[in-house]
Each structure stands twice: as structure tokens, then as C-alpha cells.
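What follows is one structure encoded as C-alpha cells, with my remarks underneath.
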Amino acid sequence: YNYRMTNIQAAIGCAQLEMLEEFTSKRSQIWASYEKELLPSGYFKSQKLNADSEPGRWLFTLVLVPNLTCYRDQLSDELRLSGIDTRPIFYPMSDMPAFKTKSKLAPDLRASGSLSRGGISFPSSTSLNDEEIIAISGRTLEIIEKLITLNMD
């Protein structure tokens, strides 16, 4: 097999690298906007970041607090019906068929399972603007509040 990159692919890669700082800055703004809109609700936890590190900021992901993780899939479905695409976070390797038998030998894996069940990744394209993030966040909070209210009855 020939896995070498073509000249066109190299040119596209070089052009993208020239925009790396712009992309990084825009992703930081997106993260800050989501955090400002969603974290004060108390419905989510965010990943703790070390002060001496710089995150990759590929996906914007939050985890629903433990008493709300049961709503993650419903939240995602309702957001999709509103035209907002989300994704569950990756499931633990110990749940993958190739590793299932080995996971019985592993230490306690409840934390990874809990994160997987409650984690949701929101849209994070560099083309998003603040108004769109506010709309996504607002719709997210509306849906969670509706789900909580429905299940209180």
C-alpha cells in the first residue's frame, strides 16, 4: 500500500497549519461561551484542567451531574429534533467486546462508566458564533428543565 500523502493533501495541510493560531483562539472563545452559559445551571460538571497545561479543545464536552445522567440520551434526542447535533462521549475500553473479558481483571472502573453515561459533546465548529452558542445552551437548559419537571410528576 502507498500511504504517502499527495501534493494536494500536503498543500491543504500546510494551509490549515497557517490558521492554527486562529483556530485555537476561536475554540478557546467557544469553550468560554459554553462554560459561561451552561455551568452556572448546576446541571453539568466540566473537566478539571491543570493550570500549567493547554487543552487541545477538540470537542466541547460536559458531564451531567449524577442525578441527571439518566437524561443524557433524551437530551441528545431532543436537541437533535431542534437541529442541534450532539454526541455521547466515548465509552470505556472495558466495555468494548475485544476487552470485555480482560476488564474483569482490571481495577474498579466505575468512574469511567459514570463519565461515559453522563458525558455529552456539544457542537464546537470554529464557525459557531456567540448567538448560536447562547441558543444551543438555552435550548439545552430548557430541555433539561422540562425533563426534570416531567419526572417530578
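For A10, the test of being within 20 Å of E132 (Cβ to Cβ), outside any loop (DSSP other than H, G, I, E, B) and either open to solvent by less than 70 Å² (accessible area, probe 1.4 Å) or touching a His at 6+ places or on another chain (Cβ under 8 Å) (or both) is failed.
Would segment 24-47 turn up any residue that is over 18 Å from S124 (Cα atoms), out of contact with any Pro (no Cβ under 9 Å at 6 or more places or on another chain), open to solvent by 90 Å² or more (accessible area, probe 1.4 Å) and modelled with pLDDT under 95? No, segment 24-47 contains no residue that is over 18 Å from S124 (Cα atoms), out of contact with any Pro (no Cβ under 9 Å at 6 or more places or on another chain), open to solvent by 90 Å² or more (accessible area, probe 1.4 Å) and modelled with pLDDT under 95. Scanning segment 60-96 for residues that are farther than 22 Å from R110 by Cα, part of a loop (DSSP other than H, G, I, E, B) and not small (G, A, S) returns I84, D85, T86. Just checking, does segment 54-62 include any residue being more than 20 Å from K36 (Cβ to Cβ) and open to solvent by less than 90 Å² (accessible area, probe 1.4 Å)? Yes, there is a match, as at least one residue in segment 54-62 is more than 20 Å from K36 (Cβ to Cβ) and open to solvent by less than 90 Å² (accessible area, probe 1.4 Å). Among residues of segment 27-38 that are farther than 13 Å from L128 by Cα, those with a beta-carbon under 8 Å from a residue that is modelled with pLDDT under 95 and surrounded by fewer than 20 Cβ atoms within 10 Å (Cβ to Cβ) at least six positions away or on a different chain give the pairs E35/S46. Out of everything in segment 69-91 that is farther than 16 Å from G113 by Cβ and open to solvent by 80 Å² or more (accessible area, probe 1.4 Å), what residue ends up being nearest to the chain's Cα centre (by Cα)? Checked segment 69-91; the qualifying residue nearest to the chain's Cα centre (by Cα) is R87. Within segment 115-135, the set of residues being among the β-branched types (V, I, T) and touching a Ser or Thr at 6+ places or on another chain (Cβ under 9 Å) comprises I120, I133, I134.
If you check every pair at least six apart or on different chains, which have Cβ atoms under 6 Å apart with a residue in segment 124-153 that is surrounded by 13 or more Cβ atoms within 10 Å (Cβ to Cβ) first and a residue that is in a helix (DSSP H, G or I) and hydrophobic (A, V, I, L, M, F, W, C) second? So the pair list comes out as S124/I30; T126/F23; L128/I30; S137/L38; I143/L75.
Test S33 against the criterion of being in a helix (DSSP H, G or I) and among the hydroxyl-bearing types (S, T, Y), and give yes or no.
yes
When R57 is tested against (1) in a helix (DSSP H, G or I); (2) modelled with pLDDT under 90; (3) closer than 19 Å to I136 by Cα; (4) not aromatic (F, W, Y), exactly one condition is not met: (1). Considering segment 115-153, and only residues there that are hydroxyl-bearing (S, T, Y) and not in a loop (DSSP other than H, G, I, E, B), the residue that is farthest from K45 (Cα to Cα) turns out to be T149.
Answer yes or no: is there a residue in segment 92-114 that is open to solvent by 20 Å² or more (accessible area, probe 1.4 Å), within 26 Å of F23 (Cβ to Cβ) and in contact (Cβ under 8 Å) with a residue 12 or more places away in the chain. No, segment 92-114 contains no residue that is open to solvent by 20 Å² or more (accessible area, probe 1.4 Å), within 26 Å of F23 (Cβ to Cβ) and in contact (Cβ under 8 Å) with a residue 12 or more places away in the chain. Selection of first residues in segment 3-25 that are without any contact (Cβ under 8 Å) to a residue 24 or more places away in the chain and of second residues that are hydrophobic (A, V, I, L, M, F, W, C) and in a helix (DSSP H, G or I), restricted to Cβ pairs under 9 Å at least 6 apart or on distinct chains, gives the following pairs, ordered by first then second residue: Q16/F23.
The values are calculated or read from the model by the stated rules, or taken from the named source; none is laboratory data. Everything numeric here is computed off the predicted structure, so don't read it as measured data. Here Cβ is always computed from backbone atoms with ideal geometry, including for glycine, and neighbour counts include all displayed protein chains. SASA here: full protein model, heavy atoms, side chains in, ligands and nucleic acids out. Shrake-Rupley method; radii C 1.70, N 1.55, O 1.52, S 1.80 Å.
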